[in-house]
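The values are calculated or read from the model by the stated rules, or taken from the named source; none is laboratory data. Because the structure is a prediction, the values reported are computed rather than measured. Cβ: placed from backbone, ideal geometry, glycine included. Neighbour counts: every protein chain shown. With ligands, DNA and RNA removed, areas are computed over all heavy atoms of the protein, side chains included. Shrake-Rupley method; radii C 1.70, N 1.55, O 1.52, S 1.80 Å.
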There are 2 protein chains.
Amino acid sequence: MPRVSAIGEHALVERVRARVGAPPSWVALGIGDDAAVFESERGTLNVVTTDSLIEDVHFRRRWTAARDIGHKALATSLSDLAAMGAWPRAALLSLALPAELSLEDFDAIIDGFASLGQVSGATLVGGNITRSPGPLVVDTTAIGAVKRRSIMRRAGGRAGDELYVTGTLGAAAAGLAMLTDATDRNELSPAASGCLARYERPQPQRRCGVVVGRSRAARACVDLSDGLADGVRQLAAASGTGAIVDAAAIPIDAGATQWAAGTSQDPLEWALSGGEDYELLFAVSPRKRRALLAAVRRCPGVSITRVGRLTTEAGVWLETGHERRPLGSGFSHF
Amino acid sequence: MPRVSAIGEHALVERVRARVGAPPSWVALGIGDDAAVFESERGTLNVVTTDSLIEDVHFRRRWTAARDIGHKALATSLSDLAAMGAWPRAALLSLALPAELSLEDFDAIIDGFASLGQVSGATLVGGNITRSPGPLVVDTTAIGAVKRRSIMRRAGGRAGDELYVTGTLGAAAAGLAMLTDATDRNELSPAASGCLARYERPQPQRRCGVVVGRSRAARACVDLSDGLADGVRQLAAASGTGAIVDAAAIPIDAGATQWAAGTSQDPLEWALSGGEDYELLFAVSPRKRRALLAAVRRCPGVSITRVGRLTTEAGVWLETGHERRPLGSGFSHF
């Protein structure tokens with residue numbers, strides 16, 4: 001199979017266009033021009049976010065299938081849109097490619113990106129391809145829409161609000177730990193596959209973000225891309241409150257707990273600081289608790305758990321039965 | 001001065017927010033949330049483009065001031081918007097930073113980006129910051145607006161259309177050659193400064209793209225980020241025509257010609273294949289020639305030159321007085 005350097009930039013763009021297919025009618029101009037042109041959805045605001053996946057920081061080519069790299073690049077941005085209550089419409093993909101990358105891997109990255117785009121409604125409308133002298137860099141911009149009344153921001157929380165998280169936490173970090181420890185991923189037990197999938201092909205809470213946004217049950221929301229501790233800190237800081245998280249209430253993923261039992265690692269740490277779970281954290285007034293639970297019930301397969309509350313007193317704390325300790329600051333990219 | 005790694009991702013985002021200042025009223029949510037939220041301009045379509053500047057591919061930190069890196073990252077995307085006839089409104093900046101980058105350089109990158117944003121109307125509304133294990137990567141997404149009737153696309157040209165370019169060509173490539181040849185940039189003669197500025201702080205034809213788009217004088221347009229040869233090829237290919245360029249008519253930059261005289265380099269090659277001039281190439285029906293010239297007269301300081309025509313016969317040719325040769329394919333990123 002030839003390398004990407006053998007066919008050049010324009011041929012690669014044509015290859016993407018062929019794999020992605022024709023865009024919907026609201027896209028006036030898609031892949032292949034100097035820029036893409038599309039209509040907004042009537043009565044909505046534009047929501048835009050950008051994220052990078054960088055080789056040897058966010059993934060290793062040795063571990064991660066090329067298709068999963070494409071999937072994850074878009075998933076990260078879709079999670080950000082969900083946290084705003086927005087639904088995805090369009091995406092841009094900016095690739096910096098090592099010259100020796102195979103065309104097979106290139107195609108797989110595009111396919112992973114485009115197929116998540118297809119199921120989520122994010123049409124790939126454009127991008128950029130260039131050479132990288134070092135790591136593979138996959139930069140995504142996702143553009144969504146939201147009605148003004150449904151926007152969830154970080155800053156909306158108030159002291160007394162309850163904190164809820166979707167799904168389970170720590171699974172992605174456990175998946176990463178499995179890959180780090182394994183000499184051969186094929187030797188991993190079938191029981192590991194749940195955590196591996198959470199790490200390699202995260203499924204952002206797209207529908208849940210939109211449904212909760214529309215219900216107006218949540219006063220604030222962030223996604224948990226950098227772990228629960230970081231999410232709580234961000235939300236509390238933006239809202240001007242403190243926060244307390246109840247360690248016993250955190251919905252640690254069962255697969256993560258099981259895997260941790262055989263190692264010296266603490267699954268609570270994975271949930272707090274591992275990141276990449278792409279679940280959502282909501283701040284909800286106690287009066288809106290029923291509305292929140294009703295909204296989440298409309299999202300098949302999504303669980304929701306109360307894990308703490310926002311407080312008047314400053315500081316962000318983890319409560320473990322008999323004591324409090326400061327909540328760590330989560331995964332940092334530096 | 002400390003390094004970026006000393007203060008971490010969140011503090012860097014806060015730093016950007018402080019430097020950029022408050023956004024205009026149509027931005028519902030700017031820097032600091034999971035995504036940015038903003039209103040479209042009534043009666044317009046959204047125009048989006050993304051571009052990468054990668055260390056040691058597009059710039060060298062040894063040569064290029066950090067402020068110019070930020071400027072150029074946005075300029076590249078603004079040129080793409082101009083080629084569509086669109087005006088800029090918002091921008092996203094995704095940075096992958098080597099841990100040893102100084103905070104001083106970080107601030108300068110932001111300032112270069114934001115100050116071009118300010119004069120051009122592109123408000124920095126969000127982005128992403130992460131660590132790079134290798135090169136500094138600056139990824140820009142620019143979002144503009146255009147009325148449907150003013151969109152200029154690559155594919156609109158027809159055989160018989162005349163080809164026009166704005167400004168002068170080859171200056172940026174000459175600037176790059178000067179830097180490559182110089183042992184010390186302070187030794188470069190003052191006469192070199194024009195070409196250096198074109199390379200280091202390109203000024204995209206923002207106004208001219210919008211004015212010509214509105215005038216509906218041009219049937220097609222591309223920007224010349226990868227040189228005249230590439231631009232003509234792209235436009236002709238998208239339009240399903242051939243093209244002939246008259247070598248003698250190409251407006252080669254006087255500074256480039258002067259510099260080349262002292263070297264073995266050919267300024268015509270710079271104009272054709274050097275790229276990074278960020279001028280615009282228009283395809284214009286002869287009937288619309290006057291309308292084009294009238295539109296360009298409304299753009300102070302912008303010259304326009306007829307350099308060739310689109311043809312029925314296939315192939316893209318350079319005519320040099322007594323012979324024709326195939327037009328090269330311009331700068332390729334591979």
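Determine, yes or no, whether B:Ala314 is aliphatic (A, V, I, L, M) and assigned to a helix (DSSP H, G or I). Even if it seems obvious, please write down each step before you answer.
On the way: aliphatic (A, V, I, L, M): yes; assigned to a helix (DSSP H, G or I): no.
No.
Looking at (1) more than 7 Å from chain A (Cβ to nearest Cβ); (2) open to solvent by less than 10 Å² (accessible area, probe 1.4 Å); (3) over 13 Å from the mean Cα position of the chain (by Cα), which is the only condition B:Ser94 fails?
(1)
Looking only at region A:269-311, which residues are assigned to a loop (DSSP other than H, G, I, E, B) and open to solvent by 60 Å² or more (accessible area, probe 1.4 Å)?
Start the filter on region A:269-311 by keeping residues that are assigned to a loop (DSSP other than H, G, I, E, B), which leaves A:275-279, A:285, A:298-303.
Within region A:269-311, A:Arg298, A:Pro300, A:Gly301 qualify.
Let's see how each residue does on (1) within 23 Å of A:Ala172 (Cβ to Cβ); (2) more than 7 Å from chain B (Cβ to nearest Cβ); (3) over 17 Å from the mean Cα position of the chain (by Cα):
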| position | (1), (2), (3) |
| --- | --- |
| A:Ile31 | no, yes, yes |
| A:Ala36 | no, no, yes |
| A:Thr44 | no, yes, yes |
| A:His71 | yes, yes, no |
| A:Arg89 | no, yes, no |
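Kindly establish whether B:Asp277 is more than 14 Å from chain A (Cβ to nearest Cβ), without any contact (Cβ under 8 Å) to a residue 60 or more places away in the chain and not small (Gly, Ala, Ser).
Details: more than 14 Å from chain A (Cβ to nearest Cβ): yes; without any contact (Cβ under 8 Å) to a residue 60 or more places away in the chain: no; not small (Gly, Ala, Ser): yes.
Spelling it out, it is not the case that B:Asp277 is more than 14 Å from chain A (Cβ to nearest Cβ), without any contact (Cβ under 8 Å) to a residue 60 or more places away in the chain and not small (Gly, Ala, Ser).
Given the conditions (1) within 14 Å of another protein chain (Cβ to nearest Cβ); (2) open to solvent by 30 Å² or more (accessible area, probe 1.4 Å); (3) closer than 28 Å to B:His58 by Cα, which single one is not true for B:Gly240?
The single condition B:Gly240 does not satisfy is (3).
If you go through region A:46-62 one residue at a time, how many are among the hydrophobic types (A, V, I, L, M, F, W, C) and within 8 Å of chain B (Cβ to nearest Cβ)?
Looking only at region A:46-62, we keep the residues that are among the hydrophobic types (A, V, I, L, M, F, W, C), and these are A:47-48, A:53-54, A:57, A:59.
Narrowing further to those that are within 8 Å of chain B (Cβ to nearest Cβ): A:47-48, A:54, A:57.
Counting residues in region A:46-62 that are among the hydrophobic types (A, V, I, L, M, F, W, C) and within 8 Å of chain B (Cβ to nearest Cβ) gives 4.
Which one is farthest from the other protein chains (Cβ to nearest Cβ) among residues in region A:184-228 that are free of Cβ contacts under 8 Å to residues at least 60 places away in the same chain and not hydroxyl-bearing (Ser, Thr, Tyr)?
If we filter region A:184-228 for residues that are free of Cβ contacts under 8 Å to residues at least 60 places away in the same chain, which is where we start, we get A:184, A:186-190, A:193, A:196-197, A:224.
Remaining after also requiring not hydroxyl-bearing (Ser, Thr, Tyr): A:184, A:186-188, A:190, A:196-197, A:224.
On the way: A:Asp184: 25, A:Asn186: 27, A:Glu187: 28, A:Leu188: 26, A:Pro190: 33, A:Leu196: 23, A:Ala197: 23, A:Leu224: 11 Å.
Among those residues, the one meeting the criterion is A:Pro190.
Would you confirm whether or not region B:248-257 contains a residue that is crowded, with 16+ Cβ neighbours inside 10 Å, polar (S, T, N, Q) and either more than 24 Å from the chain's Cα centre (by Cα) or assigned to a strand (DSSP E or B) (or both)? Before the answer, list the steps.
In the first step, residues of region B:248-257 are kept if they are crowded, with 16+ Cβ neighbours inside 10 Å; the result is B:250-253, B:255-257.
Then drop every residue that is not polar (S, T, N, Q), which leaves B:257.
From the residues that got through so far, the ones that are either more than 24 Å from the chain's Cα centre (by Cα) or assigned to a strand (DSSP E or B) (or both) too are none.
Among the residues of region B:248-257, not one is crowded, with 16+ Cβ neighbours inside 10 Å, polar (S, T, N, Q) and either more than 24 Å from the chain's Cα centre (by Cα) or assigned to a strand (DSSP E or B) (or both), which makes the answer no.
This table checks each residue for (1) touching an Asp or Glu at 6+ places or on another chain (Cβ under 6 Å); (2) of a type in the set (Val, Ile, Thr); (3) open to solvent by 20 Å² or more (accessible area, probe 1.4 Å); (4) touching a residue at least 12 places away in the same chain (Cβ under 8 Å).
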position	(1), (2), (3), (4)
B:Arg3	yes, no, yes, yes
B:Glu14	no, no, yes, yes
B:Val20	no, yes, yes, yes
B:Gly32	no, no, yes, yes
B:Glu39	no, no, yes, yes
B:Gly43	no, no, yes, yes
B:Ser77	yes, no, no, yes
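Can you tell me which residues in region B:59-94 are at pLDDT 95 or above and basic (Lys, Arg)?
B:Arg67, B:Lys72, B:Arg89
In region A:163-193, which residue that is out of contact with any Cys (no Cβ under 8 Å at 6 or more places or on another chain) and under 30 Å from A:Gly242 (Cβ atoms) is surrounded by the most Cβ atoms within 10 Å (Cβ to Cβ)?
To start, the set of residues in region A:163-193 that are out of contact with any Cys (no Cβ under 8 Å at 6 or more places or on another chain) comprises A:163-165, A:167-170, A:173, A:176-177, A:179-193.
After this cut, where a residue has to be under 30 Å from A:Gly242 (Cβ atoms) as well, the list is A:163-165, A:167-170, A:173.
Working: A:Leu163: 26, A:Tyr164: 23, A:Val165: 26, A:Gly167: 21, A:Thr168: 21, A:Leu169: 30, A:Gly170: 34, A:Ala173: 28.
Per the criteria, the residue is A:Gly170.
Out of the residues in region A:1-49 that are touching a helix residue (DSSP H, G or I) at 6+ places or on another chain (Cβ under 9 Å) and among the polar types (S, T, N, Q), state the one that is nearest to A:Gln118 (Cα to Cα).
A:Thr49
Report, by residue number, each residue of region A:73-108 that is under 30 Å from A:Met152 (Cβ atoms), out of contact with any Lys or Arg (no Cβ under 7 Å at 6 or more places or on another chain) and part of a helix (DSSP H, G or I).
A:Ala73, A:Leu74, A:Ala75, A:Thr76, A:Ser77, A:Ser79, A:Asp80, A:Leu81, A:Ala83
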